[in-house]
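What follows is a short report on a single structure.
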Amino acid sequence: MSDYLLTLITFLPLVGSVAVLLLPKGADNAVRWTAAVFTGAALALSTWLYFVGFDDGATGMQFVEQRSWIPAFNIEYFLGVDGISLPLIWLSALIHFVAVFASWGIRKSVKGYFALLLLLEVGVNGVFCALDFFLFYVFWEIMLLPMYFLIGIWGGPRREYAAIKFFLYTLAGSVLMLVAMVALYLMSGNYGDGATFNILTMHELAGQWVADQGTFLGMRFTTWIFWFLFVGFAVKIPVFPFHTWLPDAHVEAPTPISVILAGILLKLGSYGMLRINFPLAPDAFAQAADFLAILGTINIVYGAYVAMGQTDFKRVVAYSSVSHMGYFLLGSAAWTIEGINGASLQLFTHGTSSAMLFLIVGVVYDRAHHRNLNDFGGLAQRMPFYLGLSTIGIFAGLGLPGMSGFISEALTLLGAYQVYPVLVIISTLGILMTAAFLLYALQRVFLGPLPEKYSGFQDINGREAFCMIPFAALCILVGVLPSLVLDKMALAIEALQNDLAPFFQAVAG
Amino acid sequence: MPGPLTPSDWLLAAPLLWLAGGVVAILVLDAFRPAARHEAGLAFLALLGAAWSLWPLAEAAGEPLEGIPGLPVRAFSGMLEASPGNAVVGLLCLGAAALAGILSLRSLCRLESGRHRTALWTLLLVAPAGMLVTLASSHFATLFLGIETLSLPLYVLSALRRTEEGSVEAGLKYFLLGAFASGFLVFGMALLYAGTGRMDPGAVTAALEGGALARAGLGFLYAGLLFKLAIAPFHLWVADVYQGAPTPITALMAAGTKAAAALALLHWAPPAGPLGSGAWALLACATLALANLTALNQENLKRILALSGVAHAGLLLFALAALQAAPGSGASVEAAVNFYLVAYGVSALAAFGALELLERRAGGHAEASALRGLGRRFPVAGGILALAVLSLAGIPGTAGFLGKYFVFAELVRSGEVGVALLGILLTLWSFAYYLRILVVLYMKDAAPAGGPPAVQDTPAAVALWVPAVLVVLLGVWPAPAHLL
C-alpha cells in the first residue's frame, strides 16, 4: 500500500466526490456520511503516514511515486513527502474531515456542496504532494474552482462579489506562476538531461542558472522568476497589499469553508514559497529578503491594527489571519534555522487556531444569525462549555505561553531577531494588538449582562464540540510538546537552509 | 496524365465517398419512401462510415501505412495532403456533424412538420465533406472547393428556422459576407497564379519574393481565410450568425468550420522570413482584445460563446507567430494546433449542445435573464455547460488548458516571451465573461419557468456526455492526441 499512499491520500476524496454525485437525489444523510467516510479515510491514511510511515531520520523525499504523464513535455506524475509538507498534509486531511461535520447543517444542494468540498481536498492534498511543477500547477488551479463555487453558491449576501474577487486575485497570481513555470522549464533544458518540470531537479540546477544567467526585458532571469512566483504565492498567503480579497471571502463564505480557507488554503502560498519560489531563485530571494521582512512586519502590524477596528466577529478573525501569516514571511526572510522552523510551525499552529476561531464564530452565527460584536454579551451565562473552548482558541490565537501559537511566534521572532532586530521590535506591537482585539472580542461576546433575546441559546451540541475539540487539543498539545511537529520538519528545514545560506552570505558579503 | 487511383488517393477519398454516398442515398430514398427514421439512419451511417475510413490515418502515429509512401499522405497528385493529426481534426468535424444531427432529432427535424428534414440531413453530410477537403487542401482548386462546399450548406442550415427573424438574418448575413470572402479568396488565387504561375502552397513563397501583383494576391487570399476563421477585423459576422442560427448548427460551425479553416491557414501559412511573426502576433492580440471587449457586454449566452470562439481563433494565430519566429518548429507547432483545435472543438460542442438543452427549458431563449439558476435545476446539462465553459476558459484538468498551454509553450520556445505574456494576460481578461456564465447558471435565483415544457430528449442528453468526457479525458491524458 505504501507505494501508492500519497496517491490514495490525494485521490480518495475524488472517489468520494464521484460517489456523492452518484447517490440519488434527496439522500442527504447518505451524502454526508459518504463525505465523512472518504475524508476520514484520507485522515486515517495521513495519520498513519505522520506517526508510523514517515521516517524522521531520513533526508530527502519519502513515499515517492514517479511516472511519465505527458511525455512530449517531459511532464511527470511525481509525488513525494518530506518534513515540510508532512504536517500540512495531515493538517489538510484533519481540517477537511472536520469541515464535513461542520457542514452538517448545509441544506442547499447538499450533493453539490459535498462533491465540491471533496474536490477541494483533492486539489489541496495534491499541491502538498506534487513534486512536478506542472502537476503542482494543475492541482493549484483545481483547488480554485470548488472554492469559487462554495463561496459563490453557499455564501452570504454578497457572495458573487466575494467569489469573483477571490477567483480573479488568485488567478492573476497563478498566471504569473504559469509564465515563470514555462520559463523555468525551458531554462532547465539548457542543463543536464533536457527540459524538465521536476522540482527537485530544478532545485539542483538553480545554482547553475544563478551562475550564468541571461537577462530578459532588462532584468536578470532569476529576479523576474522570483517576483513572478512571489506575487503568485503572495496573493494566496495573503501578503499586504494583495490581502483585500481575504476578508470579503471569509465574511461571505459559510463557516466550514472559512475554516478550510484559513486553516489550510492560506498555507498553500507559504508552502509554495518554501518549496518552489525561494529555492529556484535563491540569489533573488537573498536580495529581496529585507523587503520581504518589511512586508511581513507590515502584515503583522497592519493586520492586527485593522482587526482592532472591526465589529464583525468574522472580519476580526480574518484580519487576525492576515496578521498571523506575516510571521511566516518575517521568519523565512531571516533564513535562520530558528526562523524557518518558527515560520513552518506557524503554518501548522495558525492552521489549528484559526480553524478553531472560525468554528467559534460559526457557533454564535448559527444561533444569532448575525456577527455584530457590539450586539452580543453575556453568553457565558448560557454557554459555559462554549466559553471554555472559545477561551482555548482565543488564547492559542494570541500566543499565550503554553499554547501552540506561543511556540511558533517565539521561535520566529527569535530567529528573525538575529537579522532584523528593529523589525522584530516593531512586530511585537502586533502581538500586543492581537491580544487586545481578541480579548476585547471575547469580552463583548461572553461577558456583561445577557440580552433578553439571547436567553434561549443552547450550549454547543455534540457535533459542534466534536468539530472543535480536536483543534483545542492540538492547540494545547503542540504548545506543550512542540517536538511533535518540529522533529518531523527538522532535517528537511536544515537541508533547505544549508542550500540557500551561501546566497545570503554572498549578499551580506 | 491522371493514372489509376493510388492507395493514397483512396485513403483520402474514402471518407468523402461515404458522405457523398450518404447524400445520394438519402435523396433517392426520399423520392420513394420518405420517412424521418430512414434519413437520419442513413446520415449517421454515412458519418460513421466516413469516420471508420478515416480512422487508419488518424491512428498511424509515426508508422507509414501499408502501400502508402510516408506521412503526411499526399493524394491526387498533391492536391490533398493530410497528416495523422489532421485526420484527428477531421474526425472532430465528423463528430460535430453527428452531434448536430443528434441534437436536431427532436427539434430541427420536426420544424414545420418535418418539411426541411431532407435538406437538414443531406446538408449535414455535405458540410463535413467540405471541411475534410478544406483541412487537407494543398492546391487552390481543393482549397476553394472545400471552402465553398462547407460554407453553402451552412448558409442554408443557419436559416433553417425560416419563420424566425434571427435565423433568417443569420443565414442572409452569413451568405452575403461569406460571398464577399469567397470573392476575395478566388481573386487572391487568380492574382497569385498570375504573379507566380503556381497553384500549390509554394505559390506563397514565390509571391513573397515576387512582385506587387502576387503580394496583393496573398493579401486577398489571407483575407478570405481569416474571414472563415473569424479573425479581427473579419469577425463581425460571428456573434449575429452564431446567435441567429439554430444552436445545433452553431455547434457544428464553431467546432468544424473553425478547425477546417485553421488547418487550411496553417497549410497556406507563409514560410518564416519576410512577413515575420509580428503581423500574426498583432492580429492575434487584436482579435483577443476585441473579442474580450465585446463579450463583456453581452446578455446572450450564445453571443458570449460566439465571441469566445473568436478569441480562441485569435489564440491560434499565436501558433503561426511561433512558426514564423522559429522556422524549424513546424512539426511541434502543427501538433499543438491540432490538439488545440480538438480541445476547442470538443469544448465548444459540449457548450453549445448543453446550451441547446437549457435553451429549450427556458422557452427557446439564451438570454442570461432566461437562464438564471438553470444550472442548479438541471444539474447534468448545467454541469456539462459549466465544464465546457471552464475548458474554454482554460482551467487545468480540462482539455482547453492543455491546448492553450501547448500553444503558449511553442510561443515561449520560439523566443517570443513578451508576446506570450501579453497573450496570457489577454486570456486572463476573458475569464471575466466566462465567470459570468457560471454566475448566471449557479449563483442567481432561478427564473420562473416559462414557455411550454420541453420535450424529453434522451438521445441528445446521452450524446452530450461524449464531448464532456473528452474534455476531461484530454485534459488529464493528452498523450495520445498530442503526439500525432
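For A:Lys236, go through the lysines and keep the ones whose alpha-carbon is under 30 Å away, minus same-chain ones fewer than eight residues off.
Output for A:Lys236: A:Lys108, A:Lys111, A:Lys165, A:Lys267, A:Lys314, A:Lys488, B:Lys404, B:Lys444.
Along the positive direction of the dipole of chain A (beta-carbon charges: Lys, Arg +1; Asp, Glu -1; about the Cα centre), which of A:Phe226, A:Pro482, A:Val251 reaches farthest?
Working it through, the farthest residue towards the positive pole turns out to be A:Val251.
What is the distance in Å between the Cα centroid of the range B:211-233 and that of the range A:91-166?
Taking the Cα centre of the range A:91-166 as reference, the centre of the range B:211-233 is 48 Å away.
Take the alpha carbon atoms of the protein assembly as shown, find their radius of gyration, then divide it by 2.2 N^0.38 Å using N residues; give the quotient.
Relative to the rule-of-thumb radius for its length, the protein assembly as shown sits at 1.00.
Residues with amide H under 5 Å of B:Glu416's amide H, sequence separation 5 or more or different chain, H placed in the peptide plane at 1.01 Å from N; which?
The list, which skips near neighbours in sequence, is empty: none.
Which residues, if any, in the range A:155-169 lose at least 40 square angstrom of accessible heavy-atom surface (probe 1.4 Å) when the other protein chains sit next to their chain rather than the chain being alone?
Buried by 40 Å² or more upon assembly, which counts only protein chains, are A:Glu160, A:Phe167.
Between the range A:343-393 and the range A:452-485, how many Å separate their Cα centres?
After rounding, the separation between the Cα centres reads 9 Å.
So how long is each side of the range A:112-259 along the principal axes, counting just the alpha-carbon atoms, biggest first, in Å?
54, 30, 18
Rg to Rh ratio, chain B, alpha-carbon atoms and Kirkwood radius?
0.95
Could you run the Karplus curve 6.51 cos²θ - 1.76 cosθ + 1.60 with θ = phi - 60° over the range B:235-243 and give me ³J(HN,Hα) per residue in whole Hz, x for Gly and Pro?
My calculation for the range B:235-243 gives 10, 5, 6, 4, 4, 5, 5, 5, 6 Hz in order.
Contact order normalised by length for chain A, with contacts defined as Cα pairs under 8 Å and 6 or more residues apart; what percent is it?
Relative contact order comes out at 15 percent.
Dipole of the range B:271-484, Cα-centred, from +1 at each Lys and Arg C-beta and -1 at each Asp and Glu C-beta, to the nearest 20 debye?
420 debye
Based on DSSP H runs of at least 4 residues, each adding -39500 (n - 2.57), what is the mean residue ellipticity at 222 nm of chain B after dividing by all its residues, to the nearest 500 deg cm²/dmol?
-24000 deg cm²/dmol
Of B:Ala354, B:Val310, B:Ala393, which is farthest towards the positive pole of chain B's charge dipole, taken about the Cα centre with +1 and -1 on the beta-carbons of Lys, Arg and Asp, Glu respectively?
Farthest along the dipole direction, towards plus: B:Ala354.
With the cut-off at 44 Å, report for chain A the share of all Cα pairs above it, as a whole percent.
Cα-Cα pairs in chain A separated by more than 44 Å: 10 percent.
At a probe of 1.4 Å, how much accessible area disappears from chains A and B on forming the pair, both sides counted, to the nearest 100 Å²?
Summing both chains' loss of accessible area gives about 3000 Å².
In whole angstrom, how far apart do the alpha carbon centroids of the range B:376-451 and the range A:220-250 sit?
Between the Cα centres of the range B:376-451 and the range A:220-250 lies a distance of 23 Å.
Quick query: amide H of A:Phe376 versus all other amide H atoms, modeled in the peptide plane; which residues come in under 5 Å with a sequence gap of 5 or more or a different chain?
none
Can you compute the charge dipole magnitude of chain A about its Cα centre, using +1 on each Lys and Arg Cβ and -1 on each Asp and Glu Cβ, nothing else charged? Give it in debye, rounded to the nearest 20.
Using only the charged Cβ atoms, the result is roughly 1720 debye.
In 10 Å bins starting at 0, how do the alpha-carbon pair distances of the range B:271-484 split up by percent?
9, 33, 32, 17, 7, 1
Quick one, what does Rg over Rh come out to for the range B:1-139 if you take C-alpha atoms and the Kirkwood Rh?
1.04
How large, in percent, is the carbon and sulfur part of the accessible surface of the protein assembly as shown at a probe radius of 1.4 Å?
Solvent-exposed carbon and sulfur of the protein assembly as shown make up 67 percent of the total.
Taking θ as phi - 60°, what are the ³J(HN,Hα) couplings along the range B:186-202 by the Karplus curve (6.51, -1.76, 1.60), each to the nearest whole Hz, with x for Gly and Pro?
Calculated HN-Hα couplings, in order: 6, 5, x, 4, 4, 5, 4, 5, 5, x, 10, x, 10, 10, 9, x, x Hz.
For the protein assembly as shown, what is the accessible area per residue in Å² when the probe is 1.4 Å?
With all protein chains present, the protein assembly as shown gives 33 Å² per residue.
Would you calculate, for chain A, the mean residue ellipticity at 222 nm contributed by helices, counting each DSSP H stretch of 4 or more residues as -39,500 (n - 2.57) and dividing by all residues, to the nearest 500?
Helix-only estimate at 222 nm: -24000 deg cm²/dmol.
So who's got an amide H within less than 5 Å of the one on A:Tyr77, skipping anything under 5 residues away but keeping other chains? H placed 1.01 Å off N, in plane.
Here A:Arg67, A:Ser68, A:Trp69 satisfy the definition.
Along the charge dipole of the protein assembly as shown, pointing to its positive end and built from +1/-1 on Cβ of Lys, Arg, Asp and Glu, which listed residue (B:Val238, A:Trp90, A:Trp209) has its Cα farthest out?
Most positive-ward Cα: B:Val238.
Dipole of the range B:37-173, Cα-centred, from +1 at each Lys and Arg C-beta and -1 at each Asp and Glu C-beta, to the nearest 20 debye?
Computed charge dipole of the range B:37-173: roughly 520 debye.
Once phi is turned into ³J(HN,Hα) by the Karplus curve 6.51 cos²θ - 1.76 cosθ + 1.60 with θ = phi - 60°, what whole-Hz value does each residue of the range B:10-19 show in order, with x for glycine and proline?
Along the range B:10-19, the couplings run 4, 4, 7, 7, 4, x, 5, 5, 4, 5 Hz.
The values are calculated or read from the model by the stated rules, or taken from the named source; none is laboratory data. Because the structure is a prediction, the values reported are computed rather than measured. Heads up, the Cβs are rebuilt from the backbone with ideal geometry, glycines too, and the neighbour counts pull from every protein chain shown. These accessible areas exclude ligands, DNA and RNA; they are computed on the full protein's heavy atoms, side chains included. Shrake-Rupley method; radii C 1.70, N 1.55, O 1.52, S 1.80 Å.
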